[in-house]
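I have placed the structure first, in the form of structure tokens, so that the comments after it can refer back to it.
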Amino acid sequence: MAKATREAFGEALVRVGGDPRIVVLDGDLMKSNFTYLFRERYPDRFVECGIAESNMIGVASGLALAGKIAWASSFACFLSGRLETIRMSVGYQAANVRLAGTHAGVGIGDDGASQMALEDVAAMRALPNMTVIQPGDAVETERCVEYLVEHEGPVYLRLTRQKLDDVNPPDYRFELGKAVVLREGSDVALLGTGATVQEALKAADELAGEGVEARVINVHTLKPIDHETILAAARECGRLVTVEDHNVFGGLGSAVAEVLAANGSGAPLTVLGATDYGQSGKSEELYDAYGISAKHVAEAARALAKGS
Amino acid sequence: MEAAQQVSEVEDRRALVERLREEARRLRITDIRMLEKAGSGHPGGTLSAADMIAALYFHKLRIRPDDPMWADRDRFVLSKGHCIPIVYAALARLGFFPEEQLMTLRELGSPLQGHPDRVRLPGIEASTGSLGQGLSIAVGMAIAGRLDGADWRVYCMMGDGESQAGQLWEAAMLAGKRGLSNLVGILDQNLVQQSDLVERILDIEPVVAKWRAFGWHVREIDGHDMEQILDALDEVETVTDRPALVLSHTVKGKGVSWMELDPEWHGKAPDAEQAARAIAELEGTATGGGA
């Protein structure tokens, strides 16, 4: 059933919330990111920080340094906008903080550019010890939040405002750093992350009708990225398309390009993503306008096939 | 109370004050030696903080040098991270690490980084150095202590220059709102920041009214008067409904007459000759009329 990953996140926090180490921090967005569910159940371990994200991040760090598992949540752009605070008070500190950035990308729709995080993955990827995860559906979000109870070190979790189709089976098991091949194929590899995984799957359906067998890969962990699966795709499919609801400067496409280049792969790569700050519109319209909908993924795959 | 017991307590207090004054003097000397050896650092703000650091580390803080991560320890966060050498001097004196290591300050591979690094050096509670962030971390620690029903306290020393940072006031507001009486802020108000006097760069006054407005108990002291420091640190423990701030009026560069209140000595290490002169003054062996 289609569900926003922010909602799955809020529900999952309640499920793991019996662990007394877990503390959830809010910057007056609990209804948007569903952490109000945790507050209802565990009010003592819910810390409302008000619209003061830098402080929220620092407080999360202090909680973590005193033994707590601190979940600080806000819109992705308001977290990554505090990059220096995250660098100093979380990353350099090696604090066991989880930053949950909801409302990622142009997929948020109407609210427009000021609320659209399109550079957060690049920013978080640049912090040496930061793990960066973007689940592609509700079940993956749930398993990921469960996994993160015992994970050590800072984590950035990127979540959507909009509902996402189920792309994983109900018995899905989350494995950090291991990309998931959702569909086998050897003509072209389509790599998505978060909300664009479903676009890649739809594109693969479209391409199959034309006799092109696309491999679809869900790159839920953007850092550390799965070299093995990416290189296998380059080797076996020969050409790759990445698609992300993020700009093209430092996100999934860049990470994949780094893996290919560092390993001497000459496989052609097309990187689909935003190139500006975003704007208002309907989510689906924006996916079309920014060239990251299934239609564009399929087009990119066809163009790559022609070029070879 | 028996008269004899009262006399004994007064004498104990007097002995304590004397001991801590001597420790502060030693910290200042060690600080100058370290900075001279490193060839860079911040004499002004380390010297202004020396008396408070001595009172905390050699008397007030409940810590175990042989077990730096002891769960029930008090936490000290130095938000004005550039002044960490004076804390390193105290940690070494207490045996957190060998005193010889002090002279590796700012060297490649040394745990004594130019600014505090909790990962590299046990005994450091929080890595700081980006001004305005320490109090947030201290607030988080204090909330954790509350959640655990623990009786340890969190002390956070801030500078007056960094009081210009917005995040510090975000943290102050949250601590006030939550009534974190296990949190003690110390404002080392030494009046000088890197480029000029604080009041000329961006005045933070009326600073007492600000902290009170944010829900804090405020106690003002002469931060170089050990008796006042001890009284203030005792007093804040009696406040049970709100966080407390000790507004410590200090002199940047205190103890070395020609460094005092001179922005020049915010972030410049003394050379060998200057260090010798500074140490002579601190040892009380200086001759003549000074520099």
message: So A:Leu29 ticks every box in (1) crowded, with 20+ Cβ neighbours inside 10 Å; (2) under 26 Å from B:Gly134 (Cα atoms); (3) more than 9 Å from chain B (Cβ to nearest Cβ) but one. Which box is left unticked?
response: (1)
message: Looking at segment A:140-153, can you tell me whether even one residue there is in contact with a Phe, Trp or Tyr (Cβ under 9 Å, 6 or more places away or on another chain), surrounded by fewer than 23 Cβ atoms within 10 Å (Cβ to Cβ), closer than 28 Å to B:Met69 by Cα and not aliphatic (A, V, I, L, M)?
response: yes
query: In the list A:Gly91, A:Gly62, A:Gly81, which residue meets the criterion of being at pLDDT 95 or above, closer than 25 Å to B:Ile124 by Cα, surrounded by fewer than 24 Cβ atoms within 10 Å (Cβ to Cβ) and not hydroxyl-bearing (Ser, Thr, Tyr)?
result: A:Gly91
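Can you name the residue in segment B:175-192 that is within 13 Å of chain A (Cβ to nearest Cβ) and open to solvent by 10 Å² or more (accessible area, probe 1.4 Å) and is also nearest to B:Leu233 (Cα to Cα) among such residues?
Filtering first and then ranking leaves B:Asn182.
Modelled with pLDDT of 95 or more, closer than 17 Å to B:Leu247 by Cα and in contact with an Asp or Glu (Cβ under 9 Å, 6 or more places away or on another chain): is that true of B:Asp151 in this structure?
No; evaluated as a whole, the condition is false for this residue.
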field: Residues located in segment A:134-155, provided they are in a loop (DSSP other than H, G, I, E, B), of a type in the set (Asp, Glu) and over 14 Å from the mean Cα position of the chain (by Cα)
entry: A:Glu150, A:Glu152
message: For B:His249, only one of the following conditions fails: (1) open to solvent by 50 Å² or more (accessible area, probe 1.4 Å); (2) of a type outside the set (Lys, Arg); (3) more than 15 Å from the chain's Cα centre (by Cα). What is its number?
response: (3)
- line: Conditions (1) among the basic types (Lys, Arg); (2) open to solvent by 60 Å² or more (accessible area, probe 1.4 Å); (3) outside any loop (DSSP other than H, G, I, E, B) -> B:Arg28 fails only (2)
- request: Examine segment B:240-256 for a residue that is without any contact (Cβ under 8 Å) to a residue 40 or more places away in the chain and closer than 25 Å to B:Asp160 by Cβ, and state whether such a residue exists.
  value: no
- line: Within segment A:67-92, of all residues that are within 7 Å of chain B (Cβ to nearest Cβ) and in a loop (DSSP other than H, G, I, E, B), the one nearest to B:Pro68 (Cα to Cα) is A:Gly67
message: From the list B:Pro116, B:Pro122, B:Pro111, B:Pro98, exactly one residue is in contact with a helix residue (DSSP H, G or I) (Cβ under 6 Å, 6 or more places away or on another chain) and not small (Gly, Ala, Ser). Which is it?
response: B:Pro116
- request: Assess whether B:Tyr155 counts as being aromatic (Phe, Trp, Tyr) and assigned to a helix (DSSP H, G or I).
  value: no
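Can you tell me how many residues in segment A:291-308 are at positive phi and either open to solvent by less than 10 Å² (accessible area, probe 1.4 Å) or outside the structural domain of A:Ala203 (by TED's automatic domain parsing) (or both)?
Keep residues of segment A:291-308 that are at positive phi, which gives A:291.
Checking the rest, the ones that are also either open to solvent by less than 10 Å² (accessible area, probe 1.4 Å) or outside the structural domain of A:Ala203 (by TED's automatic domain parsing) (or both) come to none.
The qualifying residues number 0.
Are any of the residues in segment B:139-158 more than 14 Å from chain A (Cβ to nearest Cβ), closer than 30 Å to B:Leu16 by Cα and either over 18 Å from the mean Cα position of the chain (by Cα) or buried (at least 22 other Cβ atoms within 10 Å of the Cβ) (or both)?
yes
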Residues that are open to solvent by 80 Å² or more (accessible area, probe 1.4 Å) and either closer than 20 Å to A:Ala52 by Cα or touching a residue at least 24 places away in the same chain (Cβ under 8 Å) (or both), drawn from segment B:193-204: B:Gln194, B:Ser195, B:Leu202
- prompt: Given the conditions (1) within 14 Å of chain B (Cβ to nearest Cβ); (2) within 16 Å of A:Val132 (Cα to Cα); (3) outside any loop (DSSP other than H, G, I, E, B), which single one is not true for A:Ala64?
  reply: (2)
task: Sort through A:Tyr277, A:Tyr287 and tell me the only one that's in contact with a helix residue (DSSP H, G or I) (Cβ under 8 Å, 6 or more places away or on another chain), surrounded by fewer than 16 Cβ atoms within 10 Å (Cβ to Cβ), touching a residue at least 60 places away in the same chain (Cβ under 8 Å) and not hydrophobic (A, V, I, L, M, F, W, C).
output: A:Tyr277
task: Please find, within segment A:215-273, the residue that is farthest from the chain's Cα centre (by Cα) out of those that are closer than 27 Å to A:Gln162 by Cβ and hydroxyl-bearing (Ser, Thr, Tyr).
output: A:Thr270
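For segment B:60-69, indicate whether the set of residues that are in contact (Cβ under 8 Å) with a residue 24 or more places away in the chain, within 11 Å of chain A (Cβ to nearest Cβ) and closer than 15 Å to A:Gly62 by Cβ is non-empty.
Step one: of segment B:60-69, the residues in contact (Cβ under 8 Å) with a residue 24 or more places away in the chain are B:60-63, B:65-66, B:68-69.
Narrowing the set further to residues that are within 11 Å of chain A (Cβ to nearest Cβ) leaves B:69.
Now drop any that are not closer than 15 Å to A:Gly62 by Cβ, which leaves none.
There is no residue in segment B:60-69 that is in contact (Cβ under 8 Å) with a residue 24 or more places away in the chain, within 11 Å of chain A (Cβ to nearest Cβ) and closer than 15 Å to A:Gly62 by Cβ.
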message: Tally up the residues in segment A:120-133 that are in a loop (DSSP other than H, G, I, E, B) and open to solvent by 10 Å² or more (accessible area, probe 1.4 Å), please.
response: 4
query: What tally of residues in segment A:178-192 results from selecting those that are among the small types (Gly, Ala, Ser) and open to solvent by 20 Å² or more (accessible area, probe 1.4 Å)?
result: 1
- request: Considering only segment B:92-122, state which residues are buried (at least 24 other Cβ atoms within 10 Å of the Cβ) and within 27 Å of B:Ala150 (Cα to Cα).
  value: B:Pro116
message: Can you confirm whether A:Gly105 is assigned by TED's automatic domain parsing to the domain that holds A:Thr35, farther than 17 Å from A:Leu25 by Cβ and open to solvent by less than 40 Å² (accessible area, probe 1.4 Å)?
response: yes
statement: Condition set of a type in the set (A, V, I, L, M, F, W, C) and away from chain B (no Cβ under 12 Å), scope segment A:32-59, selection least open to solvent (accessible area, probe 1.4 Å): answer is A:Phe38
task: Within segment B:205-220, identify whether any single residue is open to solvent by 50 Å² or more (accessible area, probe 1.4 Å), within 15 Å of B:Gly159 (Cα to Cα) and under 16 Å from the mean Cα position of the chain (by Cα), and answer yes or no.
output: yes
query: Does segment B:101-124 contain any residue that is at the interface with another protein chain (Cβ under 8 Å from one of its Cβ atoms), in contact (Cβ under 8 Å) with a residue 12 or more places away in the chain and under 20 Å from B:Gly185 (Cα atoms)?
result: no
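The values are calculated or read from the model by the stated rules, or taken from the named source; none is laboratory data. All of these numbers come straight from a predicted model, not from anything done at the bench. Cβ sites come from the backbone with ideal geometry, for glycine too, and all protein chains shown count toward neighbours. In case anyone asks, the SASA skips ligands and DNA or RNA and just uses the protein heavy atoms, side chains included. Shrake-Rupley method; radii C 1.70, N 1.55, O 1.52, S 1.80 Å.
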